[in-house]
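The values are calculated or read from the model by the stated rules, or taken from the named source; none is laboratory data. These numbers come from a predicted model, not from an experiment. As a convention, Cβ positions derive from the backbone with ideal geometry for all residues, glycine included, and neighbour counts pool all protein chains shown. With ligands, DNA and RNA removed, areas are computed over all heavy atoms of the protein, side chains included. Shrake-Rupley method; radii C 1.70, N 1.55, O 1.52, S 1.80 Å.
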Amino acid sequence: METGWALGLKYSDGFTRPVPSVLTLVGAVASFWLLSLAMKSLPVGTAYAVWVGIGAVGTALLAMALFGEPASPLRIAGIGLILAGIIALKLA
């Protein structure tokens, strides 16, 4: 959901396109709801970091695939560092 609504922002064209705008808002609400469910059993810091990390990594990768954003070695390394941080928080 996190990645979906983030990409939906691009497709909504500044909330000027009705269908992508509604889908983006529904995705955002669903994403927040799912985060709230995760926080019932996970520490807030871990749950939020994983939520943001999944959104950042997923959005960056899909933006490269869907919108032709650059996939430079530095960007890929940055995504790897985000993943490493998520894994470290989950294991801690």
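Observations, loosely collected:
- All positions within region 30-56 that are over 13 Å from W5 (Cβ atoms) and among the polar types (S, T, N, Q): S36, S41, T46
- Pair list, Cβ under 7 Å, 6 or more apart: region 80-91 residue in contact (Cβ under 8 Å) with a residue 24 or more places away in the chain and of a type outside the set (A, V, I, L, M), other residue open to solvent by less than 100 Å² (accessible area, probe 1.4 Å) and in a helix (DSSP H, G or I): G85/G53; K90/T46; K90/V50
- Residue selected from region 53-77 under the condition without any contact (Cβ under 8 Å) to a residue 12 or more places away in the chain and assigned to a helix (DSSP H, G or I), by the criterion most open to solvent (accessible area, probe 1.4 Å): L74
- Contact annotation: residue pairs with Cβ atoms under 8 Å, 6 or more positions apart or on different chains, pairing a residue in region 5-27 that is within 20 Å of V52 (Cβ to Cβ) with a partner that is outside any helix (DSSP H, G or I), are T24/F15; G27/M1.
- Scanning region 1-38 for residues that are open to solvent by 90 Å² or more (accessible area, probe 1.4 Å) and part of a loop (DSSP other than H, G, I, E, B) yields M1, D13, F15, T16, R17.
- Apart from one condition, L89 fits all of (1) surrounded by 16 or more Cβ atoms within 10 Å (Cβ to Cβ); (2) under 18 Å from T3 (Cα atoms); the exception is (2).
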